[in-house]
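The structure appears below as structure tokens.
The values are calculated or read from the model by the stated rules, or taken from the named source; none is laboratory data. Since this is a predicted model, take the numbers as computed values, not measurements. Virtual Cβ from ideal backbone geometry, glycine too; neighbours counted across all protein chains shown. The area values use the complete protein model at the heavy-atom level, side chains included, leaving out ligands, DNA and RNA. Shrake-Rupley method; radii C 1.70, N 1.55, O 1.52, S 1.80 Å.
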Amino acid sequence: MKKYSAGITAVHGWVPEYRLTNEELSTMVDTTDEWIMQRIGIKERRILKEEGKATSDMGAEAVRGLLEKRGIKPEEVDLLICATITADMHFPSTANLISDKAGMKNAWSFDISAACSGFLFALQTASQFIETGRHQKVVVVGADMMSSITDYTDRTTCPLFGDAAAAVLLEPVGEGEGIIDSILEVDGSGVKHLHMKAGGSLRPPSHETVDAREHFVFQEGQAVFKVAVSKMADVSIEIMKKNKVSRNDLNWLVPHQANMRIIEAVARRMGIPREKVMINLEKYGNTTAATIPLCLWEWEPRLRKGDKLVLSAFGGGFTWGSIYIIWAYDRDK
Ligand code: UT7
């Protein structure tokens, strides 16, 4: 039962310093800047190179910045949910590690695994703790160190991915604001097109799996591309219809950043002009669970209370969905 409205009240992102450019990639695999820009639209991606650092370190940086910005002590946070597919370890959860690194002594925490839709799945889950009145302050962080599962000898996947983390704070907000609605869906039969072959209980790590390079993202790009466009567009149109939001009413489409052609095709199907679409793919690549909050972070100074946003993602699983948000604050107030 919904007693309160849950809304995003702060957002913060963090990206590593190292920029892996298309020029450098062209020295590693048989590719060119021209091919990558034409087929994907990524110019460079950030890579976490520091020895001993992992997804939780990026997540903790994003969360520390988030709390500082909002003027909240880590001890005040009730719950932290981390969306990731590149956990530091199989267990404990990366959320537990982030909570410790960011000093959240009173929060419980857990991970959500929904690949590129992970942030949406985590945001919807988190909002319910606020809506029921159970919690007052919930942090959702999308964090992925995709470089740890990217095969830099495979030209069909290595240009796609980057490392980043971005976090939002959820708190009770005014009625009719915040997270208004969500449509989240999965189809596990999509596994054949996008997965990591080994390292789990099905194929535990062995010399054989390492030699066969099975600990990296495996993707049938074209199959994923087609479904991504139709599912992201369909679910975004559906949530707008359901909530009586017209194309003109919509202020921002915030799509998962996987491929410029996917983003453009989704926006075209929805009839949304490019200037209303958040795109930072060319700078960061596909950072999986971090793409959507990373966009919100970059666009935050331009977001106004009352703005209508549709967040939309598609990813491994298959997983996909849309969340409709009425933005709940002006940053400068
Ligand atoms: O975020 C999770 C969901 N994932 C996605 O949304 C990704 C969806 N898929 C895609 O974005 C695209 O399918 C890719 C970017 C992965 C690939 O683009 P594509 O236009 O589907 O290319 P393709 O796989 O059909 O390959 C076309 C050609 C092939 O050569 P031939 O067989 O035509 O001679 C590839 O070998 O392009 C070649 N190719 C490359 N050439 C230069 C593939 N990768 C490269 C490369 N550089 N990096």
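Quick notes
- Here's how it looks for A10: its modeled amide H is under 5 Å from those of L169, which are all 5 or more places away or on a different chain.
- Karplus (6.51, -1.76, 1.60) ³J(HN,Hα), θ = phi - 60°, over the stretch 86-101, in Hz, Gly and Pro reported as x: 10, 3, 3, 9, 4, 8, x, 5, 5, 4, 4, 5, 5, 4, 5, 5
- Peptides ranked, highest mean first, by Cβ atoms within 10 Å: ranges 236-243, 144-151: 144-151, 236-243
- Given charges at Cβ of Lys, Arg, Asp, Glu: the chain dipole, positive-most of P172, L67, S147: P172
- Local electrostatic count at A83 - Lys and Arg +1, Asp and Glu -1, tallied over other residues with Cβ under 9 Å: -2
- Residues whose amide H lies under 5 Å from that of I112, counting only those 5 or more places away or on a different chain, are C82, A83, T84; hydrogens are built 1.01 Å from N in the peptide plane.
- Phi angles across the stretch 49-55 convert, under the Karplus curve 6.51 cos²θ - 1.76 cosθ + 1.60 with θ = phi - 60°, into 3J(HN,Hα) values of 9, 5, 4, x, 9, 8, 3 Hz, Gly and Pro given as x.
- Toward the positive end of the charge dipole of the stretch 216-326, with +1 on the Cβ of Lys and Arg and -1 on the Cβ of Asp and Glu, the farthest Cα among Y284, A267, V224 is that of A267.
- For G306, the residues whose modelled amide H falls within less than 5 Å of its own, excluding neighbours fewer than 5 places apart on the same chain, are W327, A328, Y329.
- Cα centroid of the stretch 43-86 to Cα centroid of the stretch 138-168, whole Å: 13
- Among K283, K69, K101, residue whose mean-square fluctuation peaks in a GNM of the chain (springs only between Cα atoms under 10 Å): K69
- When L120, L202, L160 are compared by accessible area at a 1.4 angstrom probe, the order from most to least is L202, L160, L120.
- Accessible surface of L48 - all protein chains present, 1.4 Å probe, nearest 10 Å²: 20
- Coupling constants for the stretch 162-168 follow from the phi torsions by the Karplus curve (6.51 cos²θ - 1.76 cosθ + 1.60, θ = phi - 60°), and in residue order they are x, 10, 5, 9, 8, 10, 10 Hz; glycine and proline get x.
- DSSP finds beta bridges in the chain, and of those with both partners inside it, around 70 percent are antiparallel.
- Label point 7 Å beyond Cα of V191 along Cβ direction - residues of the stretch 306-332 with amide nitrogen under 19 Å: 315-320
- Assuming charge only on the beta carbon of Lys and Arg (+1) and of Asp and Glu (-1), the dipole of the stretch 5-176 about its Cα centre is about 400 debye to the nearest 20.
- Electrostatic bookkeeping for A126 treats Lys and Arg as +1 and Asp and Glu as -1; over the other residues with beta carbon under 12 Å from its beta carbon, the sum is -1.
- Each Lys and Arg Cβ is given +1 and each Asp and Glu Cβ -1; about its Cα centre, the chain then shows a dipole of about 1060 debye.
- Antiparallel content of DSSP bridges confined to the stretch 180-326, in %, to 5: 75
- Between K105 and H207, the contour length at 0.36 nm per residue exceeds the Cα-Cα span by 32.7 nm.
- In straight-distance terms, cross-link reach from K305 covers every one of the aspartates and glutamates whose alpha-carbon lies under 20 Å from its own, apart from those fewer than eight places away in the same chain; here that gives E131, E171, E175, E177, D181, D249, E275, D330, D332.
- Summarising the strand pairing of the stretch 5-176, around 70 percent of its internal DSSP beta bridges are antiparallel.
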